[in-house]
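All remarks here apply to the structure that follows.
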Amino acid sequence: MRRSISLYSLTFSLPLLIWQVLFFVFPLLFLIALSFWTVRNFVMSPDFDPVNWTTMYGRAVFWQAYGTTLALAAAAAALTSILAFPAAYAIAFKLSDTARRWAIFLMVIPFFTSYLVRVYSWQIFLSDNGIINVILGWLGLGPFTMLNTVGATMVGYLTLGFPLVVLLQLFSLIFIDRTLIEAAHNLRCGRLRTVFEVVIPSARTGLVIAALFSFILSFGDFVSPVYLGGGEPTTLSILITDTTKSGQQWPRAAVVALTMIGTLMIVAFGAIKFAYRGKST
Amino acid sequence: MSGAADMNRNRAVNWALLAYIFLAYAFVFAPIAASFVFSFNSDRFPSIPLGEFTLDWYRAVATDPLVWDGARNTLVVGVVVGIISTVMGFGAAYTDYRYRFAGKQVYLALALLPPTIPVIILGLAMLAYLSRINLSGNALSVIISHVVVCAPFAMAIVRLRLSQMDPALEPAAWNLGASEWMAMRHVIVPFCAPAIFGALFITMAVSFDEFAVAWFVSGLNETLPVKVLGFLQGQVSPRINAIGTFVFILSMTLVILAQLLLSGRSAKTADKE
């Protein structure tokens, strides 16, 4: 066996490591330090005072926002995964190779359009005089208030996560060993049962990672809750912008930020552990 | 793969699934199509029925020098970020594929975690940190921050491809006398080529679309998405649609050009052989 540490191995492993330590670990460590700084007369000064932590954690508003954000992100991850799976499944198994290439190409297109523009576009659909209400009006229904609701926020989260989740699910489905599925069918395993007992377990890693990405994107997003949800209920990301704006309270914003990071780390490690459970490598 | 007959074929289910694909794409493309249509529509507050055809919003955007600055910044940042992220992401993916070492968990965590940190937090941390070391407020700071976010995507894409490779392939090349570098050049890189280009496009796209971190650290060198965020925060106007459509057509042209170049080159090598 060849030596592990050589010029060759370091050439590939070190650049990203150095970059992420310098520009990812250090900024986050600095954020921790920042959370202990104090603000007097709108001026920040280095300090070691837990006052920011006790202030933020003592507020009911903070815990409400925390619960809301967690629930919304979990709902978005579940909803996106459930809605994306039939599409990914159909693209993987029901389309010809050429059609599948087109499907993948089309699903990549949203990545080349601005998320902000798409959110603005949803406002055109969902507003009180928007496209959907005009169409419903022709049918003698409505108008319904859709903009500035939790449902609209969810539409925004779907816009953000759906294409990525479909692609990740698709890539894990494409590489399932087809002989497994044929074997199941030969053993007279029904269609739906094959999906739940062969396809989904085989693709588990990709499916869980896809759901995780949806959760992460929704958890930290501040565009959908503000511009589609109308800023109500308050999420942690909105809390950060508000806290930052209110008179240089960056240390308090850092407390919210660090709490979010801690939560995400727990969720991510849990999900990855579950995704790779029982695999040798 | 096309001949794989499956016993449980059912026409109704197949049609339902195809209809579902159509619905999924309708959902994804509805906002994109609407933004395109309403960028030519005269109404200040867009809805149906449509108003008159107009190019006013494009004119308003084209005469705004700040928009042009933003476009140039976005493009430069995106290309540089895409290249750096893909190269480093490939290295990390290969490291994970090939080596076992103490602290590998930590290495992987560092390589993959940044996208799990919400951009709004990263923006705050980056601004605070980069201004401490006098790097904030310019395009370089946007590049630095974007690579942090984009490299993990590149790594994930390449790693997925490597996991499909027969693990005996590389040792086979060594046994046949190839050096590690030659095996890399002739076995690993060709096998990963689709993933490498995929990673390049995806990371560039992520950078093009990223506005929150850029908004925090860019200072006066605003990228185009930051400019759009400004429009969204101020008075809402269909100018957003015009910018969106313009950027969309530009990036799609680039993607299709790249596709054509790639397939053209592989066709040529196939001819030679």
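Structural remarks
- Flag for A:V117 being touching a Leu at 6+ places or on another chain (Cβ under 8 Å), at the interface with chain B (Cβ under 8 Å from one of its Cβ atoms) and either modelled with pLDDT under 85 or not in a helix (DSSP H, G or I) (or both): no
- Odd one out for B:G198 among (1) among the small types (G, A, S); (2) farther than 18 Å from B:A92 by Cβ; (3) at pLDDT 75 or above: (2)
- The one condition in (1) closer than 16 Å to A:L70 by Cβ; (2) within 11 Å of another protein chain (Cβ to nearest Cβ); (3) modelled with pLDDT under 85 that A:K279 fails to fulfil: (1)
- Screening the candidates A:L83, A:L72 for the property of being touching a residue at least 12 places away in the same chain (Cβ under 8 Å) and crowded, with 21+ Cβ neighbours inside 10 Å yields one hit, A:L72.
- Scanning region B:113-130 for residues that are more than 7 Å from chain A (Cβ to nearest Cβ) and either buried (at least 22 other Cβ atoms within 10 Å of the Cβ) or under 14 Å from B:W215 (Cα atoms) (or both) gives B:L122, B:G123, B:L127, B:L130.
- Against the conditions (1) in contact with a helix residue (DSSP H, G or I) (Cβ under 9 Å, 6 or more places away or on another chain); (2) at pLDDT 85 or above; (3) more than 9 Å from chain A (Cβ to nearest Cβ), B:W181 satisfies every one except (3).
- Counting only helices (runs of 4 or more DSSP H) that sit completely within region A:130-228, those holding 3 or more residues that are closer than 30 Å to B:L113 by Cβ correspond to A:150-174, A:204-220, A:223-227.
- Every residue from region B:19-67 that is out of contact with any Pro (no Cβ under 8 Å at 6 or more places or on another chain), within 9 Å of chain A (Cβ to nearest Cβ), assigned to a loop (DSSP other than H, G, I, E, B) and surrounded by 15 or more Cβ atoms within 10 Å (Cβ to Cβ): B:S47, B:I48
- Among residues of region A:185-222 being over 13 Å from the mean Cα position of the chain (by Cα) and β-branched (V, I, T), the one that is farthest from A:S172 (Cα to Cα) is A:T194.
- Unmet requirement for B:N138, which otherwise passes all of (1) facing chain A (nearest Cβ under 8 Å); (2) closer than 30 Å to B:T223 by Cβ; (3) in contact (Cβ under 8 Å) with a residue 12 or more places away in the chain: (1)
- Residue count for region A:57-101, restricted to those that are of a type in the set (G, A, S), within 12 Å of chain B (Cβ to nearest Cβ) and part of a helix (DSSP H, G or I): 7
- B:V142 at pLDDT below 80, farther than 21 Å from A:S13 by Cα and hydrophobic (A, V, I, L, M, F, W, C): no
- Residue check for A:F125: facing chain B (nearest Cβ under 9 Å) and farther than 26 Å from A:I261 by Cβ: yes
- From the options A:F144, A:F125, residue that is of a type outside the set (D, E), more than 30 Å from A:P251 (Cα to Cα) and surrounded by fewer than 17 Cβ atoms within 10 Å (Cβ to Cβ): A:F144
- When region B:144-170 is filtered for residues that are farther than 21 Å from B:T116 by Cβ and either hydroxyl-bearing (S, T, Y) or part of a helix (DSSP H, G or I) (or both), the ones remaining, listed by number, are B:R161, B:L162, B:L169, B:E170.
- Restricting region A:166-208 to residues that are modelled with pLDDT of 85 or more and within 8 Å of chain B (Cβ to nearest Cβ) leaves a set whose member that is nearest to B:L162 (Cα to Cα) is A:F171.
- Evaluated against (1) surrounded by fewer than 17 Cβ atoms within 10 Å (Cβ to Cβ); (2) closer than 27 Å to B:S163 by Cβ; (3) among the hydrophobic types (A, V, I, L, M, F, W, C); (4) facing another protein chain (nearest Cβ under 9 Å), A:I135 falls short on exactly one condition, (2).
- Within region A:16-50, considering residues that are modelled with pLDDT under 85 and not in a strand (DSSP E or B), the one farthest from the chain's Cα centre (by Cα): A:N41
- Residue match in region A:38-48 (condition: surrounded by fewer than 18 Cβ atoms within 10 Å (Cβ to Cβ) and at positive phi): yes
The values are calculated or read from the model by the stated rules, or taken from the named source; none is laboratory data. Given the structure is predicted, the values throughout are model-derived calculations rather than measurements. Because the Cβ atoms are built from the backbone with ideal geometry, glycine has one as well, and the counts that use them run over all protein chains shown.
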